[in-house]
Each structure stands twice: as structure tokens, then as C-alpha cells.
Amino acid sequence: MSRDISVIALRQPDAIHDPLTELAREGARRILAQVLIAEADAFVALWKDLKLPDGRDRVVRHGHGPHRAIQTGIGPVEVRRAKVRDRGDVGPEAKIRFTSSILPKWARRTKSLDTLLPILYLRGVSTGDFQEALTALLGKDAPNLSSAVISRLTAAWQVDYDAWQKRDLSARRYVYVWADGIYLQARMEDNAECMLVLIGATPEGKKELVGFQTGVRESAQSWRELLIDIKQRGLAIAPDLAVGDGALGFWKAIEEVSPTTRHQRCWVHKTANVLNKVALSVQVNMKAALREIYGAPTRAAAEAAIDVFADKYRDKYDKAVACLTKDREALLAFFDFPAEHWEHLRTSNPIESVFATVRHRTVRTKGALSAKTAKLMVFKLVNAAAKTWRRLNGENQLPKVVRGVKFKNGIEVTEMPAHHAA
């Protein structure tokens with residue numbers, strides 16, 4: 001008598017069954033396979049005019065490489081690399097070789113995962129816990145991401161950091177720079193590490209990380225060392241304007257190293273400093289008054305708004321008024337630059353927004369980072385974030401600033417011909 005025997009696979013207690021993820025993974029596998037084949041076909045088409053003596057094509061498709069799993073944000077995706085063969089009777093050096101830009105030969109994980117690793121580190125996950133954290137994100141079959149692999153990655157990041165610190169800057173020019181010092185407290189150390197950060201805007205409107213090293217935020221000497229190092233590596237032309245918090249030793253340092261650079265104090269920091277000197281009940285109205293100053297359409301209107309602010313609050317809140325008026329000139333420097341750039345020049349937010357994640361991690365968690373690792377993790381995070389930085393508004397105005405064109409209240413100053421003046 002025959003019996004029907006059905007074997008049913010029971011799901012293990014720690015297994016997670018997610019049909020949606022499986023569907024997304026299968027779709028990604030199919031699309032990736034098609035794209036890899038299309039990339040190889042496009043490469044072969046570039047050499048279609050290259051023939052063998054018997055008339056056959058010299059460069060042809062040549063099957064696929066072995067299956068391998070690439071770790072992605074939706075778990076492992078199995079792929080096969082499309083291969084191309086040069087059938088010409090030539091030496092190894094003359095062979096035409098195909099390398100996929102989508103799937104490098106030795107790739108085992110996507111670049112987004114390489115960005116995820118320092119983020120996990122900064123969130124408080126130590127190297128020993130990476131496998132557990134990534135298993136929750138990518139599934140139990142996530143290889144190549146053990147603590148030993150992470151340790152090797154940090155060593156590679158150190159090499160990247162050292163190379164970046166020695167890069168040649170002779171061909172670079174930065175119209176504006178933003179400076180700030182970001183405090184990190186690694187492990188339970190008494191002294192807080194400070195990352196000195198300098199971001200620059202190129203004449204094309206692109207923001208770039210210019211300088212990055214550990215130091216003391218208020219120390220003019222630390223900033224001087226950073227600025228001199230940048231200058232010695234070829235950055236010969238000083239920026240037209242520097243933006244930063246008023247508490248930095250940066251201002252004394254840049255006055256010595258780049259005396260022609262104008263100073264612009266950050267209005268976000270200044271607003272916080274002024275409001276910190278008054279009662280909470282007054283802060284709403286005072287904040288609105290400050291907004292009228294930096295939002296004024298002209299320097300004259302801003303100057304008048306400062307005078308009104310001083311008259312209104314001097315008797316009862318003299319410290320707040322003194323905090324505002326002592327940096328009067330530096331707070332209004334942006335009026336001498338294109339109005340399209342004011343949004344960028346009134347604040348050091350290009351740095352603050354990048355380090356929001358870093359600062360959150362140092363407030364919520366201690367014990368995951370040494371000082372050296374903190375520096376490398378922050379460096380990798382900033383480099384990852386730099387790819388998504390928003391370009392400056394009014395890019396067409398930047399070449400004018402480079403040429404020394406004068407602006408008044410954000411508008412280009414045009415010289416009238418002599419006969420018109422007469």
C-alpha cells in the first residue's frame with residue numbers, strides 16, 4: 001500500500017519570513033542581471049569594428065562568472081558577472097579587458113553598506129556587535145561583515161584619511177568657507193575631542209570638505225595649524241568670506257593666515273547666544289526682532305533694525321544687546337555678496353546639519369568609540385554626506401565674486417560711464 005508522504009519545512013524560532021523582502025530581492029536580482037548583460041553588450045559594441053583576420057569579431061561576450069552573493073540593504077542578492085573575451089592573438093598587455101563599473105570584480109557588498117558601518121559605529125554599536133546588528137538588518141545569511149572584517153575596514157579608513165590629509169590643493173579655489181568645532185566624547189574620557197571642520201564652496205557652487213582634524217575648538221593655535229597645513233598643500237588664494245560661530249579661535253587664526261578674508265558670524269549661533277541672556281517669556285518677541293535684522297532687504301534696513309532692538313531692550317536686557325551689537329559689522333557682511341547666496345552665508349548650518357547624527361550619538365551613548373576610531377568614523381560619515389550636499393543658489397554669481405565684482409545689498413554694482421556721470 002502506497003502512502004503520500006509530504007515534508008513540510010518548519011520555520012525556525014529565530015527565522016524571519018518576509019515575503020515582501022524576498023520579492024524585492026528577486027526583483028533586484030533580475031534587474032541587476034539584465035543591467036550587467038547590457039553593460040557588457042555596450043562594451044562589446046564599442047569594439048564591433050575590430051575584426052580578426054578571418055572576419056569574425058575580435059571582442060565578444062564570453063559567458064558569466066561564478067555565482068556570488070552581494071550584500072545589499074535588502075539582504076544578499078545573488079549575481080553573476082558578465083564576461084567579455086578578446087580573441088585577438090596579441091600579448092597580455094595589448095589585450096582589451098572589460099571591467100564592470102556596476103559590479104567590480106571583488107565586490108562583496110554595496111557602497112551603501114560601507115556608509116552604514118560608520119553610522120552603526122557612531123550610534124554606539126561596537127565591532128563585536130556588528131554581526132548581530134547587521135543580521136537584524138540583512139538576515140542571518142549576511143557574510144563578510146564580521147568584527148574582524150570591520151577591524152580591517154577601519155584600518156583601510158585610516159589609509160584613506162592619511163591620503164586625504166596629504167592631497168594636493170594647488171588646483172583648488174574656494175570662494176566661501178564655513179568653520180566649526182564639533183565636540184565628541186569618546187568612551188568615558190574626561191577631555192572632549194573636538195573635530196575642527198572646514199567646508200568650502202568652489203567657483204562652480206559645489207561644497208567640499210577642505211579641512212578636518214582633531215584639536216581644541218577655542219584654540220587659535222589648533223585652527224592656525226589646520227589653516228597653515230591647507231595653505232602649504234597649495235591652497236594659495238584666500239577665500240573671500242568665512243562663516244562661523246563667534247566663540248571660535250578660528251577668527252584670530254584666519255586673520256593671521258588669510259588677512260584678506262572677510263568675516264561673517266553665524267546668525268543661528270548669535271540668535272541662540274542673545275536669547276540665552278533673557279527670560280523665556282521674552283524670547284519669542286526677541287527672536288522675531290532678530291529675524292527682522294538678518295531678513296532685512298538692505299544693510300541700511302538691518303542697521304536701523306539693530307538700533308530699534310537696542311533701544312527696545314537696552315534698559316532691561318543690556319547683556320543681550322551687548323552680545324548683538326559687539327559683532328555688528330561681522331553679522332552684516334553678507335550684504336556685500338550676491339543676494340542669491342545670503343541663505344548660505346548667514347549660517348554655518350552646512351556643518352551643523354552634517355554633524356547632527358554625530359552629536360546625537362555622543363549625547364545618547366558612551367563606550368563605543370576610542371578617540372582614533374571616532375575621528376575615522378566621522379571622516380567617513382562626512383565623505384558619504386558630501387555626495388548629497390546641496391549646491392549654492394545663484395551659481396552664475398560666483399565667477400563674479402572670484403573676479404572681484406562689487407555687490408551692494410546683494411546687487412552687482414555697475415560703474416556708470418564717465419559721460420553719464422557728467
- prompt: Excluding Pro53 itself, what net charge comes from residues whose Cβ is under 15 Å from its Cβ, given Lys and Arg +1 and Asp and Glu -1?
  reply: -1
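Using per-residue counts of other Cβ atoms within 10 Å, averaged over each peptide, order 90-98, 386-394, 266-274 from highest down. List each step's numbers first, then the result.
Details: 90-98: 10.7, 386-394: 14.0, 266-274: 19.3.
Output ranking for 90-98, 386-394, 266-274: 266-274, 386-394, 90-98.
So, with a 1.4 angstrom probe, what is the percent of accessible area on segment 196-309 that is carbon and sulfur? Could the numbers behind the result be given before it?
Details: 2620 of 4800 Å².
Looking at segment 196-309 in its full context, I get 55 percent from C and S.
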message: Which order do the peptides 204-212, 165-173 come out in when sorted by mean C-beta neighbours inside 10 angstrom, highest first?
response: 204-212, 165-173
task: Would you tell me the accessible area of Tyr183, worked out with a 1.4 angstrom probe on the heavy atoms of the protein chains, in Å² to the nearest 10?
output: 90
- request: Could you list, in their original order, any pairs among Lys252/Lys319; Lys166/Lys380; Lys277/Lys316; Lys231/Lys380; Lys270/Lys387; Lys231/Lys406 whose Cα atoms are separated by more than 19 Å?
  value: Lys252/Lys319; Lys231/Lys380; Lys270/Lys387; Lys231/Lys406
field: Area accessible to solvent at Arg299, 1.4 Å probe radius, in Å²
entry: 50
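What ranking of Asp327, Asp336, Asp318 comes out by heavy-atom accessible area, probe 1.4 Å, highest first?
Numbers: Asp327 20, Asp336 50, Asp318 90 Å².
Reading off the accessible areas and sorting them downward yields Asp318, Asp336, Asp327.
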message: If I model a spin label as a point 7 Å beyond the Cα along the Cα-Cβ vector, how far apart are those points for Ala279 and Asn393 in nm?
response: 3.8
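Kindly provide the GluC sites (Glu not before Pro) of segment 294-351 that DSSP labels as loop, not H, G, I, E or B, and whose Cβ sees at most 10 other Cβ atoms within 10 Å.
Numbers: sites: Glu303, Glu329, Glu340, Glu343; in loops: none.
Taking segment 294-351 and a limit of 10 other Cβ atoms within 10 Å, no loop GluC sites (Glu not before Pro) are found.
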- prompt: When DSSP assigns beta bridges and you keep just the ones with both residues in segment 183-312, what percent turn out antiparallel, to the nearest 5?
  reply: 70
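The values are calculated or read from the model by the stated rules, or taken from the named source; none is laboratory data. Predicted, not measured: the structure shown is a model, and the values here were computed from it. With ideal geometry, Cβ positions are generated from the backbone for all residues, glycine too; neighbour counts draw on all protein chains shown. These area figures cover heavy atoms from the full protein model, side chains too; ligands, DNA and RNA do not enter into them. Shrake-Rupley method; radii C 1.70, N 1.55, O 1.52, S 1.80 Å.
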